[in-house]
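See below for the structure under consideration.
The values are calculated or read from the model by the stated rules, or taken from the named source; none is laboratory data. Values in this document were obtained by computation on a predicted structure and should not be read as measured data. FYI the Cβ positions are ideal-geometry reconstructions off the backbone, even for glycines, and counts take in every protein chain you see. Accessible surface areas use protein heavy atoms only, side chains included; no ligands, DNA or RNA. Shrake-Rupley method; radii C 1.70, N 1.55, O 1.52, S 1.80 Å.
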Amino acid sequence: MKKLLYPLFIMVRRCIYLTLGTIDMLFGRKSSLVVLSYHSIAKDSWQFSIDKETVEKQLTYLKKHYNLVSPADVADVISGKRVMKTPSVVLTFDDGYKDILTLKPFFTKHAITPTLFVLSDGVHANWEQLDTHRPLLSEKEITSLRDAGWIIGCHSGTHANLTEVTAKELETEVTTAKKILEQLLNKKISYFAYPRGKHNARVVQTLSKAGYILAFTMDDGAINTATNPLLVPRVGVDGTHTFAEFRVLFSPSVIRFRQMIKTSFLGRYL
Ligand SMILES: [Zn+2]
(Lines give C-alpha, C1' and ligand atoms only; values in the text may rest on other atoms or scores of the structure.)
Protein backbone atom coordinates (compact mmCIF):
# COMPACT_ATOMS: atom_id res chain seq x y z
CA MET A 1 0.00 0.00 0.00
CA LYS A 2 2.81 2.38 1.01
CA LYS A 3 4.61 1.57 -2.24
CA LEU A 4 1.51 2.45 -4.23
CA LEU A 5 0.92 5.68 -2.35
CA TYR A 6 4.50 6.93 -2.58
CA PRO A 7 4.38 8.17 -6.21
CA LEU A 8 1.07 9.85 -5.43
CA PHE A 9 2.54 11.71 -2.43
CA ILE A 10 5.52 12.77 -4.54
CA MET A 11 3.15 14.12 -7.20
CA VAL A 12 1.01 16.02 -4.68
CA ARG A 13 4.18 17.40 -3.05
CA ARG A 14 5.46 18.54 -6.43
CA CYS A 15 2.20 20.42 -7.14
CA ILE A 16 2.29 22.13 -3.73
CA TYR A 17 5.97 23.14 -4.03
CA LEU A 18 5.50 24.49 -7.54
CA THR A 19 2.38 26.45 -6.58
CA LEU A 20 3.96 27.97 -3.46
CA GLY A 21 7.27 28.58 -5.24
CA THR A 22 5.58 30.29 -8.18
CA ILE A 23 3.71 32.62 -5.81
CA ASP A 24 7.03 33.47 -4.10
CA MET A 25 8.65 34.11 -7.48
CA LEU A 26 5.78 36.38 -8.57
CA PHE A 27 6.23 38.48 -5.44
CA GLY A 28 10.03 38.39 -5.76
CA ARG A 29 10.40 36.57 -2.43
CA LYS A 30 13.68 34.69 -1.94
CA SER A 31 15.22 33.29 1.23
CA SER A 32 18.18 35.44 2.23
CA LEU A 33 20.36 32.56 3.48
CA VAL A 34 19.77 28.81 3.32
CA VAL A 35 21.99 25.75 3.68
CA LEU A 36 21.44 22.86 1.28
CA SER A 37 22.28 19.28 2.15
CA TYR A 38 23.28 16.68 -0.45
CA HIS A 39 24.50 13.12 0.00
CA SER A 40 25.63 10.75 -2.75
CA ILE A 41 26.47 11.70 -6.35
CA ALA A 42 25.39 8.61 -8.26
CA LYS A 43 22.85 7.34 -10.72
CA ASP A 44 21.00 4.71 -8.67
CA SER A 45 17.75 4.14 -6.84
CA TRP A 46 18.78 5.36 -3.36
CA GLN A 47 16.64 8.36 -2.44
CA PHE A 48 19.69 10.38 -1.45
CA SER A 49 21.62 9.80 -4.66
CA ILE A 50 21.55 12.39 -7.41
CA ASP A 51 23.40 11.83 -10.65
CA LYS A 52 26.31 14.08 -11.55
CA GLU A 53 24.64 15.77 -14.53
CA THR A 54 21.57 16.72 -12.47
CA VAL A 55 23.67 18.12 -9.60
CA GLU A 56 25.78 20.12 -12.06
CA LYS A 57 22.61 21.55 -13.62
CA GLN A 58 21.33 22.50 -10.14
CA LEU A 59 24.66 24.06 -9.15
CA THR A 60 24.88 26.02 -12.40
CA TYR A 61 21.42 27.42 -11.65
CA LEU A 62 22.45 28.25 -8.07
CA LYS A 63 25.58 30.03 -9.20
CA LYS A 64 23.54 32.17 -11.57
CA HIS A 65 20.80 33.14 -9.11
CA TYR A 66 22.42 32.97 -5.68
CA ASN A 67 25.58 33.93 -3.91
CA LEU A 68 27.46 30.82 -2.78
CA VAL A 69 28.79 31.39 0.72
CA SER A 70 30.48 29.41 3.52
CA PRO A 71 29.58 28.27 7.05
CA ALA A 72 31.70 31.18 8.37
CA ASP A 73 29.17 33.51 6.70
CA VAL A 74 26.37 31.60 8.44
CA ALA A 75 28.08 32.24 11.81
CA ASP A 76 28.41 35.94 10.93
CA VAL A 77 24.73 36.25 9.97
CA ILE A 78 23.61 34.51 13.18
CA SER A 79 25.82 36.74 15.34
CA GLY A 80 24.52 39.83 13.53
CA LYS A 81 27.97 40.74 12.15
CA ARG A 82 26.72 40.44 8.61
CA VAL A 83 23.52 40.89 6.62
CA MET A 84 23.15 39.09 3.30
CA LYS A 85 22.38 41.69 0.65
CA THR A 86 21.84 39.09 -2.08
CA PRO A 87 20.10 35.73 -1.56
CA SER A 88 22.78 33.24 -0.51
CA VAL A 89 23.23 29.50 -0.30
CA VAL A 90 25.71 27.22 1.49
CA LEU A 91 26.44 23.87 -0.16
CA THR A 92 26.98 20.90 2.13
CA PHE A 93 27.53 17.21 1.42
CA ASP A 94 27.03 14.60 4.14
CA ASP A 95 28.61 11.21 4.88
CA GLY A 96 31.76 11.60 2.73
CA TYR A 97 31.00 9.17 -0.08
CA LYS A 98 33.80 8.61 -2.56
CA ASP A 99 31.45 9.50 -5.43
CA ILE A 100 31.73 13.21 -4.48
CA LEU A 101 35.07 13.11 -6.32
CA THR A 102 33.16 13.01 -9.64
CA LEU A 103 32.11 16.62 -8.90
CA LYS A 104 35.62 17.85 -8.12
CA PRO A 105 36.44 19.01 -11.69
CA PHE A 106 33.15 20.95 -11.79
CA PHE A 107 33.86 22.62 -8.44
CA THR A 108 37.40 23.49 -9.48
CA LYS A 109 36.23 24.92 -12.81
CA HIS A 110 33.63 27.13 -11.10
CA ALA A 111 35.76 28.01 -8.07
CA ILE A 112 33.22 26.51 -5.67
CA THR A 113 34.48 25.20 -2.32
CA PRO A 114 31.70 23.14 -0.73
CA THR A 115 31.48 21.91 2.85
CA LEU A 116 31.92 18.20 3.37
CA PHE A 117 30.78 16.45 6.56
CA VAL A 118 32.80 13.26 7.04
CA LEU A 119 33.03 10.45 9.58
CA SER A 120 36.18 10.22 11.67
CA ASP A 121 35.88 6.43 11.95
CA GLY A 122 34.56 5.30 8.56
CA VAL A 123 36.02 1.81 9.13
CA HIS A 124 33.33 1.25 11.75
CA ALA A 125 30.59 3.16 9.89
CA ASN A 126 27.05 2.38 10.99
CA TRP A 127 25.63 1.30 7.62
CA GLU A 128 22.20 0.73 9.08
CA GLN A 129 21.97 4.37 10.17
CA LEU A 130 23.53 5.47 6.89
CA ASP A 131 20.75 3.54 5.13
CA THR A 132 23.13 2.54 2.34
CA HIS A 133 26.46 0.83 1.81
CA ARG A 134 28.79 2.63 -0.58
CA PRO A 135 32.52 3.46 -0.51
CA LEU A 136 33.63 6.35 1.69
CA LEU A 137 36.48 8.76 0.94
CA SER A 138 39.88 7.65 2.22
CA GLU A 139 41.84 9.84 4.66
CA LYS A 140 44.16 10.75 1.81
CA GLU A 141 41.25 11.87 -0.37
CA ILE A 142 39.74 13.95 2.44
CA THR A 143 43.13 15.62 2.94
CA SER A 144 43.38 16.39 -0.78
CA LEU A 145 39.92 18.00 -0.73
CA ARG A 146 41.06 20.16 2.20
CA ASP A 147 44.04 21.15 0.05
CA ALA A 148 41.63 22.11 -2.74
CA GLY A 149 40.00 24.56 -0.31
CA TRP A 150 36.95 22.47 0.62
CA ILE A 151 35.66 23.00 4.14
CA ILE A 152 35.69 19.79 6.15
CA GLY A 153 33.27 19.32 9.02
CA CYS A 154 32.55 16.41 11.35
CA HIS A 155 29.57 14.10 10.83
CA SER A 156 30.30 12.11 14.02
CA GLY A 157 32.61 9.11 14.38
CA THR A 158 30.51 6.31 12.92
CA HIS A 159 27.14 7.89 11.99
CA ALA A 160 25.53 6.52 15.14
CA ASN A 161 22.10 7.65 16.25
CA LEU A 162 23.36 10.24 18.74
CA THR A 163 20.03 10.43 20.55
CA GLU A 164 20.30 6.78 21.60
CA VAL A 165 23.99 6.21 22.42
CA THR A 166 25.49 6.08 25.93
CA ALA A 167 27.22 9.14 27.41
CA LYS A 168 30.61 7.54 26.71
CA GLU A 169 29.71 6.73 23.11
CA LEU A 170 28.39 10.25 22.60
CA GLU A 171 31.69 11.66 23.80
CA THR A 172 33.55 9.45 21.28
CA GLU A 173 31.18 10.31 18.41
CA VAL A 174 31.36 14.06 19.05
CA THR A 175 34.51 15.04 20.96
CA THR A 176 36.98 12.30 19.99
CA ALA A 177 35.78 12.50 16.36
CA LYS A 178 36.63 16.23 16.33
CA LYS A 179 40.13 15.57 17.68
CA ILE A 180 40.79 12.75 15.17
CA LEU A 181 39.79 14.93 12.21
CA GLU A 182 41.80 17.87 13.56
CA GLN A 183 44.86 15.63 13.79
CA LEU A 184 44.30 14.24 10.29
CA LEU A 185 43.75 17.62 8.66
CA ASN A 186 45.97 19.73 10.90
CA LYS A 187 43.10 22.20 11.03
CA LYS A 188 40.47 23.21 13.56
CA ILE A 189 37.15 21.44 13.02
CA SER A 190 34.42 23.92 13.91
CA TYR A 191 31.35 22.56 12.15
CA PHE A 192 29.24 19.49 12.80
CA ALA A 193 26.29 17.91 11.01
CA TYR A 194 24.00 15.64 13.05
CA PRO A 195 23.76 12.14 11.51
CA ARG A 196 20.25 11.94 9.97
CA GLY A 197 19.66 15.31 11.61
CA LYS A 198 18.93 13.59 14.94
CA HIS A 199 19.57 15.67 18.04
CA ASN A 200 18.34 16.35 21.55
CA ALA A 201 19.40 18.61 24.44
CA ARG A 202 22.09 16.15 25.63
CA VAL A 203 23.68 15.96 22.16
CA VAL A 204 23.63 19.74 21.70
CA GLN A 205 25.24 20.21 25.12
CA THR A 206 28.03 17.75 24.26
CA LEU A 207 28.69 19.60 20.99
CA SER A 208 28.84 22.90 22.81
CA LYS A 209 31.33 21.50 25.34
CA ALA A 210 33.46 20.05 22.54
CA GLY A 211 33.81 23.56 21.08
CA TYR A 212 31.89 23.33 17.82
CA ILE A 213 30.85 26.75 16.48
CA LEU A 214 28.01 25.57 14.26
CA ALA A 215 25.98 22.36 14.06
CA PHE A 216 23.62 21.59 11.20
CA THR A 217 20.31 19.74 11.42
CA MET A 218 17.95 18.52 8.69
CA ASP A 219 15.13 20.73 9.97
CA ASP A 220 14.10 23.08 7.22
CA GLY A 221 14.50 26.80 7.70
CA ALA A 222 16.17 29.99 6.62
CA ILE A 223 18.95 31.51 8.73
CA ASN A 224 18.82 34.77 10.64
CA THR A 225 19.86 36.27 13.97
CA ALA A 226 17.25 34.13 15.77
CA THR A 227 18.90 30.88 14.62
CA ASN A 228 20.58 28.76 17.31
CA PRO A 229 24.18 28.22 16.03
CA LEU A 230 24.07 24.61 17.25
CA LEU A 231 20.75 23.95 15.51
CA VAL A 232 21.27 25.46 12.07
CA PRO A 233 18.55 24.22 9.71
CA ARG A 234 19.26 22.77 6.28
CA VAL A 235 17.10 21.96 3.30
CA GLY A 236 17.71 18.44 1.95
CA VAL A 237 17.97 17.94 -1.80
CA ASP A 238 17.44 14.38 -3.06
CA GLY A 239 16.76 12.26 -6.11
CA THR A 240 12.99 12.67 -5.92
CA HIS A 241 13.16 16.40 -6.69
CA THR A 242 12.69 17.43 -10.31
CA PHE A 243 14.63 20.46 -11.56
CA ALA A 244 11.46 22.57 -11.39
CA GLU A 245 11.02 21.53 -7.74
CA PHE A 246 14.67 22.21 -6.97
CA ARG A 247 14.32 25.81 -8.14
CA VAL A 248 11.59 26.44 -5.53
CA LEU A 249 12.74 24.01 -2.80
CA PHE A 250 14.17 26.71 -0.58
CA SER A 251 11.80 29.57 -1.39
CA PRO A 252 10.27 31.01 1.82
CA SER A 253 6.76 29.52 1.41
CA VAL A 254 8.03 26.05 0.49
CA ILE A 255 10.37 26.09 3.51
CA ARG A 256 7.44 27.05 5.75
CA PHE A 257 5.33 24.27 4.25
CA ARG A 258 8.12 21.72 4.78
CA GLN A 259 8.58 22.87 8.39
CA MET A 260 4.86 22.49 8.96
CA ILE A 261 4.57 18.88 7.88
CA LYS A 262 8.09 17.66 8.63
CA THR A 263 7.06 16.27 11.99
CA SER A 264 3.89 14.64 10.66
CA PHE A 265 3.72 11.12 9.19
CA LEU A 266 4.12 12.75 5.79
CA GLY A 267 7.58 14.02 6.74
CA ARG A 268 9.40 11.20 4.94
CA TYR A 269 7.90 12.23 1.62
CA LEU A 270 9.54 15.67 1.68
ZN1 LIG B 1 24.63 11.33 7.24
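Structure values in brief
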read-out: Check on Ala215, within 16 Å of the ligand (Cβ to nearest atom), in a loop (DSSP other than H, G, I, E, B), open to solvent by less than 40 Å² (accessible area, probe 1.4 Å) and aliphatic (A, V, I, L, M); value: no
read-out: Selection from the stretch 25-82 of residues that are acidic (Asp, Glu), exposed (fewer than 15 other Cβ atoms within 10 Å of the Cβ) and in a helix (DSSP H, G or I); value: Glu53
read-out: Selection count where residues are within 14 Å of the ligand (Cβ to nearest atom) and open to solvent by less than 20 Å² (accessible area, probe 1.4 Å), scope the stretch 174-201; value: 6
read-out: Among (1) more than 30 Å from Asn161 (Cα to Cα); (2) open to solvent by 20 Å² or more (accessible area, probe 1.4 Å); (3) in contact with a Pro (Cβ under 9 Å, 6 or more places away or on another chain) - the single one Phe107 does not satisfy; value: (2)
read-out: Condition check for Asp44: among the charged types (D, E, K, R) and under 30 Å from Ile151 (Cα atoms); value: yes
read-out: The stretch 136-145, subset more than 24 Å from Lys198 (Cβ to Cβ) and not small (Gly, Ala, Ser), residue surrounded by the fewest Cβ atoms within 10 Å (Cβ to Cβ); value: Lys140
read-out: Hits in the stretch 146-164 (condition: more than 16 Å from the ligand (Cβ to nearest atom) and either assigned to a helix (DSSP H, G or I) or surrounded by 21 or more Cβ atoms within 10 Å (Cβ to Cβ) (or both)); value: Arg146, Asp147, Ile151
read-out: Qualifying positions in the stretch 111-129 - within 14 Å of the ligand (Cβ to nearest atom) and in contact with a Phe, Trp or Tyr (Cβ under 8 Å, 6 or more places away or on another chain); value: Thr115, Leu116, Phe117
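Quick grid of which residues meet (1) in contact with a Cys (Cβ under 7 Å, 6 or more places away or on another chain); (2) within 15 Å of the ligand (Cβ to nearest atom); (3) touching a residue at least 12 places away in the same chain (Cβ under 8 Å):
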| site | (1), (2), (3) |
| --- | --- |
| Val90 | no, no, yes |
| Pro105 | no, no, no |
| Lys109 | no, no, no |
| Asp131 | no, yes, yes |
| Leu137 | no, yes, yes |
| Ser144 | no, no, no |
